[in-house]
1. Out of L70, L93, L82, L74, which single residue is of a type in the set (A, V, I, L, M, F, W, C) and surrounded by 13 or more Cβ atoms within 10 Å (Cβ to Cβ)?
2. Does any residue of region 58-65 turn out to be assigned to a loop (DSSP other than H, G, I, E, B), within 23 Å of S190 (Cα to Cα) and small (G, A, S)?
3. Among the residues in region 31-44, are any surrounded by fewer than 11 Cβ atoms within 10 Å (Cβ to Cβ), free of Cβ contacts under 8 Å to residues at least 40 places away in the same chain and either over 17 Å from the mean Cα position of the chain (by Cα) or within 25 Å of R61 (Cα to Cα) (or both)?
4. Quick one: what pairs do we get from region 174-186, first residue more than 12 Å from R145 (Cβ to Cβ) and outside the structural domain of V125 (by TED's automatic domain parsing), second of a type in the set (S, T, Y) and within 14 Å of the ligand (Cβ to nearest atom), C-beta under 9 Å, 6+ apart or different chains?
5. For the condition surrounded by fewer than 16 Cβ atoms within 10 Å (Cβ to Cβ), in contact (Cβ under 8 Å) with a residue 40 or more places away in the chain and assigned to a helix (DSSP H, G or I), what is the one hit in A88, A118, A109?
Amino acid sequence: MSDALNYLLQARPEALGHYFSFLKDAGKHLDPKTRNLISVITKVHAQTDRGFRQYLRRALREGCTATEVLDALLMAFPALGLAKIIWAVDIILAMNIPEFQPETLTSPAQWHDVTATADVQNGEVTRTEFEGRGLFVYRDKHAFRVYDSRCPHQGTDLPQLALQGSILTCPKHQWEFDVKSGDCIKKGNSPLKRIESKVVKGRLLGFW
Ligand code: FES
């Protein structure tokens, strides 16, 4: 949320409260993916750079694919026009999001070998990489949680050094995450992006 909206919410909670309940109520019959895509399109229409980046990241984090975002942009062509679509794609390219790389767009999601389960100690967090993609893996006995190493705020690739026990602190703006749950526990409001995983014959696999 912008600083201006935050300010108005504090200064005029009775008026702004109605506005936010309206927004919440307006999309209650839509599935989360559709809601997220519509939110992204509204930010492109209004051409709010910060809002677009924020809603795009949220859409990707909550399950929309890059292909679906591009489809939504193109479908909204009659309302947006080419100039706004190009504006949005320029920002997407500047954000350097791996999901939007042409080679990734053309290869469907699949299972990738992440690590040997024996290499992750029970109760500990390990950082690993697969073809340039950073991952944090947490093990709780036989259950594993795998997270994208990019900060959900502005995409900073979180290094091993950012980890202390199970707490991950982003060096850029100090958002803190608990890798056991993926939750953001300080400063920010978005969790780490969790990656679907499974164990096959002693190997941990991730789906992306
Ligand atoms: S990029 Fe991580 S907290 Fe801002």
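1. L70
2. yes
3. Yes, that holds for at least one residue.
4. Note: no pairs meet the criteria.
5. Exactly one residue qualifies, and that residue is A118.
The values are calculated or read from the model by the stated rules, or taken from the named source; none is laboratory data. In this text the structure is predicted, and so the values were computed from the model without any measurement. Every residue, glycine as well, gets a Cβ built from its backbone with ideal geometry; the counts of neighbours run over all protein chains shown.
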